[in-house]
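J.: Mind having a look at this structure? Questions to follow.
The values are calculated or read from the model by the stated rules, or taken from the named source; none is laboratory data. Here the structure is a predicted model, which is why all the values come from computation and not from measurement. Neighbour counts run over all protein chains shown; Cβ positions are idealised from the backbone, glycine included.
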Amino acid sequence: MPPTFIKKILAPFKRPTPRTHPSQEVARVEPTHDIPPPISHTQSYHLAPEQGSELNIFPNARRFTIQNQHISFGPSKSLFDYLSPHIAAGAAHNSDERCDAPKCEQETRIAVQDEILGWIIGGDDHGDAQPRKITWVTGPAGAGKTAILGSIADECQAQGLLAASFFFSSFSGSASRRSKRCLVATLAYHLQRHKSLQGYGDQLLSVMAKDQLALSQRLEDQAETLILGPLREIEGGYDRSAIPQVIIIDGVDEVEAEQYHDPSRQEATRRNEDDQVQILSILLQCAKDPAFPFRILIASRPERAIEDFFTNTADSHTLRIFLDSKYNPDEDIELFLRAKFSEIRRRFRVSSTWPSDDAIRWIIDTASGQFIFAATAIRYISDPSYIPQQQLEHILCRLSEGDNRGNPYGALDRLYVHIFNSNPNPKLAVAWIGADRRNTTTSYLQTTGYASLKLSRERQLTSWGTLLP
């Protein structure tokens, strides 16, 4: 055995210890201060740093070596990934699902459209200290509310004024357009697309990354979390005059309540009116918030619960537009009829003298300001399976027999009766009219026995979609 002093001399020249097999190899760390314990080679990491952050595994470590580690990087979840299961794509004003939705005929409904656009661009002219940020367009069934809002949405998009839109529809094939559950997520998605709302999308993504159950909350909390919260965070960081101005919501009266109660328990069934008023409440909640920069255009029938809400809760924040004779519906109906009869003449090669002015005037008078009557008559007359002159004569003869006194929908009822009786497929005709459960022909269905015909909802929706003007 060499003396101790010889060992010290030879120590620097000592052969290194043989390397172990890779399967036994571990990390060698030479710390200068406290660091995490050695890491085994068997560990792997999949890192997806938050947007805008730096990747730093050991922020205080120096002069160390990690061997045989496997670290992979993956993309973080996008905002669309979070929102897409909760978006009603078909509810947008320009969705493919609404490709056949009614729009105002050129040069019709000018007065009411000008009034609405004037409010969107310049606000109300009531001189109030707090301008009214909500306009409610209302009127009976068939008055043209959806056509007007669809045309307004198109014009606003063309002018860069449309922030978001949602068109509810009780006869839509998409359940998301018949219920409240996709409203807030859809509006939030529409808002984040606007570059002028600088930072809104980033704030929304941050919220969703932190709370992925935000869209499972009640509607009021969704509005606070996904719309108002992010808008407050970016308030002052964008030019309010450069952003879109209006959010358009149509068909609130067509929302159907979803039931969440346990059927085995005796609980009150949630009514459609409950969800409809809840939607109006969150829209008012948004409109009243100082960080919310948009106006809200809403359309619905004057159902009792909705009327009560705007009268008792939102009156000081709301302008009302009731579609009545003030907006000259007869003149607009005449323009509509003449334009459509011109199309029919070209398609069927009918004489330019058809129809007579008396026939057109008779339809106008019978319609009593209801666009749905004129539109339904045109759809019936233009059926490619029949001769349009004969179809018009059928309508004129059948409807001249009745009396509309005391029933503004009397002529429409008789028109539907004629469609029932003349259609070779009565179930199809019943499906067309029965798809709208609130239609005024319900009493006729009951008294004639047609109400006993049962059709699936899918069949009703399909039939309605092919026949409804």
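J.: Going by the conditions given, is Leu226 under 22 Å from Phe80 (Cβ atoms) and surrounded by 17 or more Cβ atoms within 10 Å (Cβ to Cβ)? Break it down into steps so the answer makes sense when it comes.
T.: Working: under 22 Å from Phe80 (Cβ atoms): yes; surrounded by 17 or more Cβ atoms within 10 Å (Cβ to Cβ): yes.
Answer is yes for this residue.
J.: Would you please name the residue that is surrounded by the fewest Cβ atoms within 10 Å (Cβ to Cβ), looking only at residues in the stretch 148-168 that are over 22 Å from Asp332 (Cβ atoms) and of a type in the set (A, V, I, L, M, F, W, C)?
T.: Within the stretch 148-168, the first condition is being over 22 Å from Asp332 (Cβ atoms), and the residues that meet it are 157, 159-166, 168.
Applying the additional criterion that residues be of a type in the set (A, V, I, L, M, F, W, C) yields 161-164, 166, 168.
Numbers: Leu161: 20, Leu162: 25, Ala163: 23, Ala164: 25, Phe166: 23, Phe168: 26.
Filtering first and then ranking leaves Leu161.
J.: Moving on to the next point. Residues being crowded, with 20+ Cβ neighbours inside 10 Å and not β-branched (Val, Ile, Thr): count how many of those fall in the stretch 293-303.
T.: Within the stretch 293-303, the subset crowded, with 20+ Cβ neighbours inside 10 Å is 294-300.
Right, trim to not β-branched (Val, Ile, Thr) and you get 294-295, 297, 299-300.
The qualifying residues number 5.
J.: Looking at Ile247 and the list (1) farther than 20 Å from Ile279 by Cα; (2) not in a helix (DSSP H, G or I), which single condition is not satisfied?
T.: Against the list (1) farther than 20 Å from Ile279 by Cα; (2) not in a helix (DSSP H, G or I), Ile247 comes up short only on (1).
J.: Please count how many residues of the stretch 378-402 are charged (D, E, K, R) and assigned to a helix (DSSP H, G or I).
T.: The number of residues fulfilling the criteria is 3.
J.: Would you please name the residue that is modelled with the highest pLDDT, looking only at residues in the stretch 64-120 that are among the polar types (S, T, N, Q) and over 30 Å from Ser216 (Cα atoms)?
T.: It comes out as Gln113.
J.: Another question, if that's okay. Among the residues of the stretch 87-105, is there at least one that is within 22 Å of Leu319 (Cα to Cα), part of a loop (DSSP other than H, G, I, E, B) and charged (D, E, K, R)?
T.: no
J.: Taking the criterion of being hydroxyl-bearing (Ser, Thr, Tyr), over 22 Å from Arg295 (Cβ atoms) and buried (at least 18 other Cβ atoms within 10 Å of the Cβ), would at least one residue in the stretch 251-260 satisfy it? So that I can check it myself, show each step before the final result.
T.: Start the filter on the stretch 251-260 by keeping residues that are hydroxyl-bearing (Ser, Thr, Tyr), which leaves 260.
With the extra rule that they be over 22 Å from Arg295 (Cβ atoms), the set shrinks to 260.
Okay, now just the ones that are also buried (at least 18 other Cβ atoms within 10 Å of the Cβ), so none.
No.
J.: Looking only at the stretch 189-208, count every residue that is closer than 20 Å to Ile282 by Cα and either in contact with a strand residue (DSSP E or B) (Cβ under 9 Å, 6 or more places away or on another chain) or part of a loop (DSSP other than H, G, I, E, B) (or both) and tell me the total.
T.: 3
J.: Against the condition closer than 22 Å to Leu161 by Cα and either in a helix (DSSP H, G or I) or within 19 Å of the chain's Cα centre (by Cα) (or both), how does Leu228 come out, does it pass? Reasoning before the result, please.
T.: Working: closer than 22 Å to Leu161 by Cα: yes; either in a helix (DSSP H, G or I) or within 19 Å of the chain's Cα centre (by Cα) (or both): yes.
Yes; evaluated as a whole, the condition is true for this residue.
J.: Now, a different point. From the residues in the stretch 90-109 that are of a type in the set (S, T, N, Q) and surrounded by fewer than 19 Cβ atoms within 10 Å (Cβ to Cβ), which one is farthest from Pro329 (Cα to Cα)?
T.: Pass one, the stretch 90-109, residues of a type in the set (S, T, N, Q): 94-95, 106, 108.
Restricting the remaining residues to those that are surrounded by fewer than 19 Cβ atoms within 10 Å (Cβ to Cβ) gives 94-95, 106.
Numbers: Asn94: 25, Ser95: 28, Gln106: 14 Å.
Restricting to residues being of a type in the set (S, T, N, Q) and surrounded by fewer than 19 Cβ atoms within 10 Å (Cβ to Cβ), the top hit is Ser95.
J.: Here's a follow-up. Mind listing whichever residues of the stretch 163-207 are under 13 Å from the mean Cα position of the chain (by Cα), within 25 Å of Gly118 (Cβ to Cβ) and of a type in the set (A, V, I, L, M)?
T.: Ala163, Ala164, Leu187, Leu191
J.: Moving on. Just a yes or no: is a residue in the stretch 209-220 hydrophobic (A, V, I, L, M, F, W, C) and assigned to a strand (DSSP E or B)? Show your work before the answer.
T.: Going residue by residue through the stretch 209-220, those that are hydrophobic (A, V, I, L, M, F, W, C) are 209, 213-215, 219.
Still in the list and also assigned to a strand (DSSP E or B): none.
No; the residues of the stretch 209-220 include none that is hydrophobic (A, V, I, L, M, F, W, C) and assigned to a strand (DSSP E or B).
J.: Oh, and also: If I ask for residues that are without any contact (Cβ under 8 Å) to a residue 12 or more places away in the chain and of a type outside the set (A, V, I, L, M), which ones from the stretch 148-188 would you list? Break it down into steps so the answer makes sense when it comes.
T.: Of the stretch 148-188, the ones without any contact (Cβ under 8 Å) to a residue 12 or more places away in the chain are 158-159, 175.
Answer for the stretch 148-188, where residues must be without any contact (Cβ under 8 Å) to a residue 12 or more places away in the chain and of a type outside the set (A, V, I, L, M): just Gln159.
J.: Just one of (1) over 20 Å from the mean Cα position of the chain (by Cα); (2) in a loop (DSSP other than H, G, I, E, B) trips up Asp330, so point out which.
T.: (2)
J.: Shifting gears a bit: Which numbered condition trips up Ser316, out of (1) of a type in the set (Gly, Ala, Ser); (2) more than 28 Å from Ser300 (Cα to Cα); (3) assigned by TED's automatic domain parsing to the domain that holds Glu115?
T.: In the conditions (1) of a type in the set (Gly, Ala, Ser); (2) more than 28 Å from Ser300 (Cα to Cα); (3) assigned by TED's automatic domain parsing to the domain that holds Glu115, Ser316 misses (2) alone.
J.: Filter the stretch 228-241 for residues that are of a type outside the set (D, E, K, R) and at pLDDT 95 or above; which is farthest from Gln285 (Cα to Cα)?
T.: The first filter runs over the stretch 228-241 and keeps only residues of a type outside the set (D, E, K, R), leaving 228-231, 234, 236-238, 241.
Now drop any that are not at pLDDT 95 or above, which leaves 228-231, 234.
Details: Leu228: 9, Gly229: 12, Pro230: 15, Leu231: 14, Ile234: 19 Å.
The selected residue is Ile234.
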